[in-house]
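Asker: Here it is: the structure, laid out below.
The values are calculated or read from the model by the stated rules, or taken from the named source; none is laboratory data. Keep in mind it's a predicted model, so treat the numbers as computed, not measured. When we count neighbours, we look across all protein chains shown, and the Cβ atoms used for this are built from the backbone with ideal geometry, even at glycine.
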Amino acid sequence: MPILEHPAYPPATLLCLESLVPCRESQVSMLLSIFGERQQLSFPSIFIYGHTSSGKTYVMKTLLNTLQLPHVFVNCVECFTSRLLLEEILIQLHNGSSETKQASPVPCDTFNDFVRLFKQALTSQNLQDQTVYVVLDRAEQLREMEANVLPAFLRLQELTDRNVTVILLSEIVWEMFRPNTGCFEPFILYFPDYSIGHLQKILSQNHPPEYSADFYSAYINILLGVFYMVCRDLKELQHLAALNFSKYCEPVVRREAKERDTRKLWKNIEPHLKKAMQTVYLREISSSQWERLQCEEEEPGQIKGLSAHAHVELPYYSKFLLIAAYLASYNPARTDKRFFLKHHGKIKKTNFMKKHEKTSNHLLGPKPFPLDRLLAILYSIVDNRVAPTANIFSQVSQVHMYLLLFPVYCLWNF
Amino acid sequence: MSTRSLSKGCFVFKPSPKRRKVSRTTADYFREGNSDLEDSELRFATCQSLQKQVKSETEQIEEELNEQLFDNLVSFLRRSHSAFQEKTTEWTWRMKSREIPTAALVLGVNVTDHDFTFRSLSEVLQNNVTPYIALLEAKDCPGIKNLMQKLLGQLMNCCIDADSSEEEDYEQVSRNRVRCSMTSLINWYESATKRTDSETPGKKRTSSRHWQSPPVVVIFKDMESFTTKVLQDFVVISSQHIGEFPLVLIFGIATSPMIIHSLLPHSVSSLLCIELFQSLSCKDHLSTIIDKVLLTTQFPLKLSEKVLQVLINIFLYHDFSVQNFIKGFQLCIVEHFHSNPLSILCCQLEEAKGRVNSLSHNQCENVRRLPSFRRYVESQVSEKQIALLTADSSLKEAVWKLLEDLNVYHENYFPILRCLHVFTSSLPKYPLGKQIRELHCACLENRVWETEEYESSLQLARMLNKSDLVTMLQKCVEILVSSPGREFDEIVEKLKEFLTQFQKLEEAYQERDESVSPQKELQKKTNLFNLQKTLLELKESRRSKKLTKFEMLRFEVVDYIDSLVRRYLVPADHKTLHEIVYFNTASVLREHLNAAPRIALHTALNNPYSYLKSEALKSDGGSISNKAPDICIAYKLHLECGRLINLVDWLEAFSTVVTAAEGPTADAASSDQVDDVIHARFIRAVSELELLGFIKPSKQKTDHVARLTWGGC
């Protein structure tokens, strides 16, 4: 019983589409009913959101490609300026149907130009009588472009007076997009996360040709048992599945176990997967190194992860600069005299600390401090006399450069 | 233009380096202030050749040191896109997400050295792997747009380099119009690789050097300084197209590879396939350089203890930069040849002979003035003294002999130093330092055998066990055999004799052990109390007992080493004519390399004579001369004030100082009205001081300024 039904498209295509988008049938049928038939006007803009790898891009791509709808697919991260974005749309539109590649794109600086050129392109490609879909992936980047870009895209149908639908794909909700000045409200569609059952179903679909589907599905089951707690990203899971599958097959290849011998296979693979979770998944070691490890049967200790190299050697004064920065950022400036001078005079113990200072400074986080103070503390904590040489000053800026390592101290008061 | 500075201020931007008329101008500079013309030419030539020698030597050492790292990197690049070339359709290949191969290159905190490393790296890659290399620096890439522009510019340019020049014009025109997007990059890559494929056989050599589809290598020189957003965007964008062209990233990391995880969120770092490569630590690097450049007889110029200490201190305390160390050494060379007229004799021994003979009378006088030579003369008999002090020919003869002596001294010094280092570097707590450079400094400073540390290390050496002692002796023999010194045959003989004696002892022990063993069997079964008792007895007996043969031999060995040290490791400044070969004005070096801007500024303003060298400015104590520049007068006056300075009082004082010399007539005229010119001069001086950061306008009192330095704040 097919779930997708639409009078405008042949049932065979719909069936094919259905097999390609498992667990997303309801969303697809919703989209189909919005799209309507080819020549019908569709909703001006649709906003689709959902968590990472919940199939937004994939579903849209397969949907548009299988039904052979005229469309333009643009990634907004890649087109980092509005000009690039608009030109990219036009280029794709030109190249879409006719294979003649346009050598040099028409410069398109403003949205006004874009609307004009867009209309021209539609006419030249004979697309007036069909709905054209403009899909903007990673649409959150649009917010960083000129203020008019997002509202204009939302009303592209109205502005061009053509049959066009803009589809925005994003990982964040519409409320984060809405400009202060108000805009046309798109149709909002939510792609929920895949459940564990869905993941199981989708991952099992692509089994390697040498092994049976059941065998692979049992493997996926084990894999999900280990990784589902930490990772629900479909792409990542697929990657991990491909990486570790050869290890899973090992007993079968060596004829120590049969394909049905699930328990034995589980015993073999489980510690391996756990190790993978601590290393490959965190990108402590790269996947190619992991594969080499599997082949060579080495101990994973041989390749140290990235975090094993956390030790940084610094020149003598740089170390003291860091210490001074730490002291300056956590101690109130008032106390400097007391801590760093030999004859600091008497201090009344009772009122020395003000009430709000009694809470641990570490809970409040580091505070900004002027450069002078940093250097003054440096001169007082280093044992021998330090001349204020250019080298010291350049070290300050160098430490500042490394300071990404110690972002807490990075609060300079400039 | 942007700077790395944290504070606001004026910065000098040097114009991009142009081709200078090198030799001519530098030679002129060199000659300046030198009286002896023909000698200075010779000195300059010697200096140049020595510089060149040092440069090529250090570069070669560095290449050798980096070889391993580069080999690893090249094989990584080879591996990384092997699949891209084969276009496998395997199942795992399809299922795996395509990650960008990334090399995390940890280079250590010595940022100044990285430039050199990256330059040689890109050379190596260009020769072996791919012509498509882009080097990106953080300061050029504040945004993703700039990054793409830079990247495209570099890649398309490098393609031109490989090609014939006729296409250059066409490319240059089109580059401006090229869209800075990944698609244009991919199109370019496709056309570039196609072109190399369809090249005529004559041009084929380029493609045989590289692979079929050479990877595009993007090097991020200083990963830490890139903004997170730029990096993230770039990785995300390029990961979209990794299937279409082989991209490899190289991250240059100064601190630790953890930085990748703190810069890139998991969603982005999961797009990368990161492998770690680590360069040699800069301290090891320095040791090698010192070992191969300073601790050899290869270069005639030597550094005295203080100078070496200054260079090493700058390295350890400030920058960890090997390049700076080498530059410091080169500065020493220039300074030595520039300031010391006798430095013409500082050359290889073969050349020195001729130069000694052609010394002018002036130069002979210079030799006679050397303190070490005077000491030498005083130790001679009186006739010889007269001859040395009056006849140039006998002086030349003596100088030549002394130079030869010095050369022999050096030939012996370094091998023996290494031998001593073999001993001291394995002692507990390293009384004479762990590194050979520390030992070298100690030996140069004064007679090392008179120091406490030496005494204690000898004590410790007398307690070494046999196997250690034997391996050390063997090492010493190796060192001495491989060194060119002439007097070492005898020493080697002696050391070998020690070794055979140890061998004999061992045999003797074995025999004795067999006889003793049954007794030991018995002892094993005793309880704790008995054991303690026997141990105590043993101790007693040892105290009273005579030294065993082994101990005697050990004492002999240590004494022999001691005698070698006393004979050969005499400090250099006890040697006659050491001034010619040793550069020892550490203060000059410190002034040049470890500049103190604040102090320099203070001297300039407080004592303008030190820079302007005008006789009129020669100050006579603390008084303020009115001939000094206005800013100096204003500065000196402001030093006398507290935190807040009243501008009116300051002006008053200023005008008093300026008009002081003009005598009583002027004084009468300028009753209490300040001259307009003086007023203007004062205002200019004050604003200059403000620009230099000494004062700033205060909000508390409008007619006051606040001091910012020294007693201010």
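Asker: Provide a single number: the residues in region A:59-76 that are within 14 Å of chain B (Cβ to nearest Cβ) and either surrounded by fewer than 19 Cβ atoms within 10 Å (Cβ to Cβ) or within 21 Å of A:Gln125 (Cβ to Cβ) (or both).
Answerer: Going residue by residue through region A:59-76, those that are within 14 Å of chain B (Cβ to nearest Cβ) are A:61, A:72-76.
Then keep just the ones that are either surrounded by fewer than 19 Cβ atoms within 10 Å (Cβ to Cβ) or within 21 Å of A:Gln125 (Cβ to Cβ) (or both); that gives A:61, A:72-74.
Going through region A:59-76 one residue at a time, the tally reaches 4.
Asker: Quick one: would you say A:Val135 is of a type in the set (Val, Ile, Thr) and surrounded by 18 or more Cβ atoms within 10 Å (Cβ to Cβ)?
Answerer: Values: of a type in the set (Val, Ile, Thr): yes; surrounded by 18 or more Cβ atoms within 10 Å (Cβ to Cβ): yes.
Criteria met by A:Val135.
Asker: Starting from residues that are facing chain B (nearest Cβ under 7 Å) and modelled with pLDDT under 75, keep the ones in region A:378-414 and report whichever is nearest to A:Ala310 (Cα to Cα). Give the derivation first.
Answerer: In the first step, residues of region A:378-414 are kept if they are facing chain B (nearest Cβ under 7 Å); the result is A:387-391, A:395-398, A:400-402, A:404-405, A:412, A:414.
Among the residues that remain, those that are also modelled with pLDDT under 75 are: A:400-402, A:404-405, A:412, A:414.
Working: A:His400: 18, A:Met401: 17, A:Tyr402: 13, A:Leu404: 13, A:Leu405: 10, A:Trp412: 24, A:Phe414: 30 Å.
Among those that are facing chain B (nearest Cβ under 7 Å) and modelled with pLDDT under 75, it is A:Leu405.
Asker: Of the numbered conditions (1) more than 20 Å from B:Ala660 (Cα to Cα); (2) loosely packed, with under 15 Cβ neighbours inside 10 Å, B:Asp562 satisfies every one except a single condition; which is it?
Answerer: Result: B:Asp562 fails condition (2) only.
Asker: A further question follows. Which condition from (1) more than 21 Å from B:Tyr568 (Cα to Cα); (2) among the hydrophobic types (A, V, I, L, M, F, W, C); (3) surrounded by 17 or more Cβ atoms within 10 Å (Cβ to Cβ) is the one that B:Ile386 breaks?
Answerer: Of (1) more than 21 Å from B:Tyr568 (Cα to Cα); (2) among the hydrophobic types (A, V, I, L, M, F, W, C); (3) surrounded by 17 or more Cβ atoms within 10 Å (Cβ to Cβ), only one is false for B:Ile386: (3).
Asker: Please specify each residue of region B:349-370 satisfying the condition of being assigned to a helix (DSSP H, G or I) and either surrounded by fewer than 11 Cβ atoms within 10 Å (Cβ to Cβ) or without any contact (Cβ under 8 Å) to a residue 12 or more places away in the chain (or both). I'd like the intermediate steps shown before the answer.
Answerer: Here is the first cut: in region B:349-370, the residues assigned to a helix (DSSP H, G or I) are B:349-357, B:361-369.
Of everything in region B:349-370, those that are assigned to a helix (DSSP H, G or I) and either surrounded by fewer than 11 Cβ atoms within 10 Å (Cβ to Cβ) or without any contact (Cβ under 8 Å) to a residue 12 or more places away in the chain (or both) turn out to be B:Glu350, B:Glu351, B:Gly354, B:His361, B:Glu365, B:Arg369.
Asker: Would you please name the residue that is nearest to the other protein chains (Cβ to nearest Cβ), looking only at residues in region B:237-255 that are surrounded by fewer than 20 Cβ atoms within 10 Å (Cβ to Cβ) and among the polar types (S, T, N, Q)?
Answerer: B:Gln240
Asker: What do you reckon, is B:Leu276 in contact with a strand residue (DSSP E or B) (Cβ under 7 Å, 6 or more places away or on another chain), aliphatic (A, V, I, L, M) and either within 8 Å of chain A (Cβ to nearest Cβ) or part of a helix (DSSP H, G or I) (or both)?
Answerer: Details: in contact with a strand residue (DSSP E or B) (Cβ under 7 Å, 6 or more places away or on another chain): yes; aliphatic (A, V, I, L, M): yes; either within 8 Å of chain A (Cβ to nearest Cβ) or part of a helix (DSSP H, G or I) (or both): yes.
Here the answer is yes, as B:Leu276 does meet what is asked.
Asker: Something else about it: Quick one: which helices (runs of 4 or more DSSP H) lie wholly within region A:182-253 and hold at least 1 residues that are under 19 Å from A:Pro271 (Cβ atoms) and more than 24 Å from the chain's Cα centre (by Cα)? Working first, answer last.
Answerer: On the way: elements: A:196-205, A:213-227, A:234-253.
By residue number, A:213-227, A:234-253.
Asker: Looking only at region B:294-319, filter to residues that are touching a His at 6+ places or on another chain (Cβ under 7 Å) and more than 11 Å from B:His440 (Cα to Cα); which one of those is nearest to the other protein chains (Cβ to nearest Cβ)? Show your work before the answer.
Answerer: Quick first cut of region B:294-319, residues touching a His at 6+ places or on another chain (Cβ under 7 Å) only: B:295, B:297, B:301.
Keeping just the survivors that are more than 11 Å from B:His440 (Cα to Cα) gives B:297, B:301.
Details: B:Thr297: 31, B:Leu301: 25 Å.
Residue satisfying both the conditions and the ranking: B:Leu301.
Asker: Can I ask one more? Could you tell me which of the residues B:Phe325, B:Phe234 is closer than 24 Å to B:Met148 by Cα, more than 7 Å from every other protein chain (Cβ to nearest Cβ), crowded, with 22+ Cβ neighbours inside 10 Å and of a type outside the set (D, E, K, R)? Even if it seems obvious, please write down each step before you answer.
Answerer: Details: B:Phe325 fails: closer than 24 Å to B:Met148 by Cα.
Answer to the check: B:Phe234.
Asker: List pairs: first in region B:122-147 and more than 14 Å from chain A (Cβ to nearest Cβ), second among the small types (Gly, Ala, Ser) and part of a helix (DSSP H, G or I), Cβ under 8 Å, 6+ apart or cross-chain?
Answerer: B:Pro131/B:Ala162; B:Tyr132/B:Ala192; B:Ile133/B:Ser122; B:Leu135/B:Ser122
Asker: A further question on this structure: Starting from region B:572-599, take each residue that is within 20 Å of B:Glu335 (Cα to Cα) and list its partners that are outside any helix (DSSP H, G or I) and aliphatic (A, V, I, L, M), counting only C-beta distances under 6 angstrom and pairs at least six apart or across chains.
Answerer: B:Glu579/B:Leu370; B:Phe583/B:Leu303; B:Ala596/A:Ala387
Asker: Please verify whether region B:603-620 includes one or more residues that are within 14 Å of another protein chain (Cβ to nearest Cβ) and at pLDDT 85 or above.
Answerer: yes
Asker: Report, by residue number, each residue of region A:224-283 that is away from chain B (no Cβ under 14 Å), within 28 Å of B:Leu271 (Cα to Cα) and aliphatic (A, V, I, L, M).
Answerer: Passing the criteria: A:Leu224, A:Val226, A:Met229, A:Ile269, A:Leu273.
Asker: If you scan region B:442-489, which residues turn out to be part of a loop (DSSP other than H, G, I, E, B) and hydroxyl-bearing (Ser, Thr, Tyr)? Quick ask: steps written out before the conclusion?
Answerer: In the first step, residues of region B:442-489 are kept if they are part of a loop (DSSP other than H, G, I, E, B); the result is B:446-447, B:451, B:462-465, B:483-487.
Passing the criteria: B:Thr451, B:Ser483.
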